[in-house]
Amino acid sequence: MIKITVRKAFQYIGTIRRLGFKNVAYVAWYRFTLYSGIRKKFFPECAFPQIDTDCYHPGGRRLDYPRELKKALFDDADKVIQGQLRYFAHHWKFVGNPPNWFLNPFNGKIWTNPRQHWTHIGDFNTGIGDIKNLWEASRFEWTVTLSRAYSISGKVLYLDILNQWLKDWAEKNPANAGPNWKCGQEASIRVFNLIQSALILNQWEHPNTILINFIYRHLERISGNIRYAIAQDNNHGISEAAALFIGGQWCAKNSTLDVLRKRCDHLSRQGRKWLENRIEKLVEEDGSFSQHSVNYHRVLLDTLSFVEYWRRKLSIELLSVKFYQRAKAAIHWMIMFTDAISGKAPNLGANDGALLLNFHACDYQDFRPSIQMAYILFHNKKYFAPGLWDEPCYWLGLGEGGAENCVQQKDSEVLSGGYVIMTGKDSWGMIRFPVFRFRPVHNDVFHFDLWYKGKNICRDAGSYSYNPEDKSAEVYFQSVKAHNTVGFDNFEQMPQLGRFLLGKWIRSHHVNAIEKNKDGSDYWTGAYQDYRGNRHSRTIIKKENTWVVEDVFAGSFKKAEIIFRLIPDDYRLVGNRIAASWGTIEISGSGCEILMSKGLESLYYWQKQTIDTLVLHTAKHSEKIITRFILQK
């Protein structure tokens, strides 16, 4: 037991060094101020004034809304006024009219102390399950839905419900009291949606005083705790800085009080400083983002688009040159990871259902709305030809001068942030290799994703929930078994030190460039050694309609297990060959046990389903296992 404790202590020490002593020290200080009650003194509970006043007034009609978009919009808006809300861009749940802001609709549990100060509330031991299930209704996506529906239809009921719900929320959630004030990023998302609603209703220049004060209270909450968000080195710091920068300027320009204008201007400068700092630090030159997650990359992209749009709208001076360089690189990264046929992307990394750019009818898995808007804002032209993904541009008045379709065949590329993109005529693949400047969350080293004619043949698992009631699901979705890679002796590639913290971060032994064989095929090779001394080398070969994965192992392991998670199909295993509607899989390697099994995947947060998995076992060292994916022509 002592040896295990000492070993884990050394793992923590090594990980702390990688996280940065300054960040870790601040988080330690932050937790001390929470537990001691010091931090509570800086966030006094405060009721909202003029609670009976409407935030939004009639106006802002749109008469040119595309007819093909109306049904989806009104279907959503009518569900909202019936007391239903969409959770994590997928699940419709009945929550009441007005909603119970303290309900977890996934298990029916209700927060019992809504006036508890946010500094006294834990992240996970809440008694109601996943706190994100409670927060979702208070992100205010419904404000944008109802604003759009009223603007198109002129139906006063939509505007009335919007104002009634905001009044009810303000009454039930005084500033700094209750779980909905626990997270600064949640407050930031509310700011985004409230300002976007003002734009849709054409009230962004002359808003009601109550709306300005409502947003200002959120900015105060964000500003007072932003150093904690910065210490996380993730999208929290970016979101909160963006809310301060734009929300501060918006309030300053619209307030009639000199004191409030000066205070908001200060908040905006604070946000600008941290925003430029975060983008320079957390976004690599190749566009890779610190969180190693496709959906969090979209959150990043939507935040950058929000900032640039409102920077122009409010006539704010340009941000730093590096900000724009990294923003364009982040767009390129997103394009490289998005399938041009389906608009979907690999389910890589943490996926919590966040969808900031929520005013369109496309599915949550469709990344084209975010790319289209960002491309217009940062490149002054559209990337995709016209489609449903243009709706955000309609509401923002972007790209009305016609479309330019910039979609082209992806280039094969090794991205220094830890990714390889390889392309074929009708297929493309993605490989994840270990480059960890910032903390990894999933054991997905050398994960392989394969796409063919818009379908994700070989796929990643997603996240399901960060705090599920079934704890085995939490372990599964972070584990090596949830990715298309190799595990040794049922150990993880990196040991779990905390809910979002892995130790012994893997480093690549080598990562090669993409090269060509004499037969014209492209190939890439990489290798690493884990903390238990086991070595894995993986080579990906692409030629015409065939993809080959070659795995070689060395070390003291007793069993190596290769997993490939497959698109749903009617699979037939005969010998070393698996037949499917999209093609065949052939496996070679002496002493390799082949079997078809079942795993889990989560395409949306709090949704999971079974999936077919190909599992290969070997006990031989230095043995090459070859898996061929032969796609139908």
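Key figures for this structure:
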{"read-out": "Selection within region 454-481 - of a type in the set (S, T, N, Q) and part of a helix (DSSP H, G or I)", "value": "Ser472, Gln478"}
{"read-out": "Restricting region 100-142 to residues that are hydroxyl-bearing (Ser, Thr, Tyr) and more than 21 Å from the chain's Cα centre (by Cα), the residue that is surrounded by the fewest Cβ atoms within 10 Å (Cβ to Cβ)", "value": "Thr112"}
{"read-out": "Test result for Lys313, surrounded by fewer than 17 Cβ atoms within 10 Å (Cβ to Cβ) and either touching a residue at least 60 places away in the same chain (Cβ under 8 Å) or within 21 Å of the chain's Cα centre (by Cα) (or both)", "value": "no"}
{"read-out": "Search result, residues across region 601-619 that are part of a loop (DSSP other than H, G, I, E, B) and either surrounded by 14 or more Cβ atoms within 10 Å (Cβ to Cβ) or in the same structural domain as Leu355 (by TED's automatic domain parsing) (or both)", "value": "Ser602, Leu603, Tyr604, Tyr605, Trp606, Gln607, Lys608"}
{"read-out": "All helices (runs of 4 or more DSSP H) inside region 139-250 with 1 or more residues being under 26 Å from Arg39 (Cα atoms)", "value": "156-172, 184-200, 209-224, 226-231"}
{"read-out": "Any hit, region 532-540, residues being of a type in the set (Gly, Ala, Ser) and either closer than 30 Å to Gln632 by Cβ or over 29 Å from the mean Cα position of the chain (by Cα) (or both)", "value": "yes"}
{"read-out": "Considering residues of region 42-51 that are of a type in the set (Phe, Trp, Tyr) and outside any helix (DSSP H, G or I) only, the residue farthest from Val156 (Cα to Cα)", "value": "Phe43"}
{"read-out": "Residues located in region 245-300, provided they are in contact with a Ser or Thr (Cβ under 7 Å, 6 or more places away or on another chain), touching a residue at least 40 places away in the same chain (Cβ under 8 Å) and of a type in the set (A, V, I, L, M)", "value": "Leu267, Leu282"}
{"read-out": "Some residue of region 512-522 being under 28 Å from the mean Cα position of the chain (by Cα), of a type in the set (Val, Ile, Thr) and closer than 24 Å to Pro346 by Cα", "value": "no"}
{"read-out": "Test: residue in region 572-580 that is modelled with pLDDT of 95 or more, within 31 Å of the chain's Cα centre (by Cα) and not assigned by TED's automatic domain parsing to the domain that holds Lys132", "value": "no"}
{"read-out": "Tally, over region 533-568, of residues that are part of a loop (DSSP other than H, G, I, E, B) and under 16 Å from Phe446 (Cα atoms)", "value": "1"}
{"read-out": "Residue check for Ser597: polar (S, T, N, Q) and part of a loop (DSSP other than H, G, I, E, B)", "value": "no"}
{"read-out": "Which listed residue is more than 24 Å from Pro207 (Cβ to Cβ) and buried (at least 21 other Cβ atoms within 10 Å of the Cβ), from Ile279, Ile246", "value": "Ile279"}
{"read-out": "Selected residue (only one of Leu398, Leu415 is aliphatic (A, V, I, L, M) and either under 30 Å from Arg507 (Cα atoms) or within 19 Å of the chain's Cα centre (by Cα) (or both))", "value": "Leu415"}
{"read-out": "Leu415 touching a residue at least 24 places away in the same chain (Cβ under 8 Å) and farther than 28 Å from Gly349 by Cα", "value": "no"}
{"read-out": "Among the residues listed as Arg298, Arg326, the single one being charged (D, E, K, R), at pLDDT 95 or above and within 28 Å of Gln607 (Cα to Cα)", "value": "Arg298"}
{"read-out": "Among (1) in a strand (DSSP E or B); (2) at pLDDT 95 or above - the single one Leu497 does not satisfy", "value": "(2)"}
{"read-out": "Cβ-Cβ under 7 Å pairs, at least 6 apart or on other chains, region 316-328 side farther than 21 Å from Lys382 by Cβ, far side of a type in the set (S, T, N, Q)", "value": "Ile316/Gln249"}
{"read-out": "Subset of region 95-111 [free of Cβ contacts under 8 Å to residues at least 12 places away in the same chain and under 20 Å from Trp165 (Cα atoms)]", "value": "Asn100"}
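Residues checked against (1) in contact (Cβ under 8 Å) with a residue 60 or more places away in the chain; (2) buried (at least 18 other Cβ atoms within 10 Å of the Cβ):
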position: Asp444; (1), (2): yes, yes
position: Phe477; (1), (2): yes, yes
position: Gln493; (1), (2): no, yes
position: Gln496; (1), (2): no, no
position: Ala513; (1), (2): yes, no
position: Asn517; (1), (2): no, no
position: Ser521; (1), (2): no, no
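Matching residues to (1) in a loop (DSSP other than H, G, I, E, B); (2) closer than 30 Å to Val156 by Cβ; (3) within 31 Å of the chain's Cα centre (by Cα):
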{"residue": "Val27", "(1), (2), (3)": "no, no, yes"}
{"residue": "Phe32", "(1), (2), (3)": "no, no, yes"}
{"residue": "Lys40", "(1), (2), (3)": "no, no, yes"}
{"residue": "Thr53", "(1), (2), (3)": "yes, yes, no"}
{"residue": "His57", "(1), (2), (3)": "yes, yes, no"}
{"residue": "Lys70", "(1), (2), (3)": "no, yes, yes"}
{"residue": "Asp76", "(1), (2), (3)": "no, yes, yes"}
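The values are calculated or read from the model by the stated rules, or taken from the named source; none is laboratory data. As the structure is a prediction and not an experimental result, all values here were calculated from the model. Cβ coordinates were reconstructed from backbone atoms using ideal geometry, including for glycine residues, and neighbour counts include every protein chain displayed.
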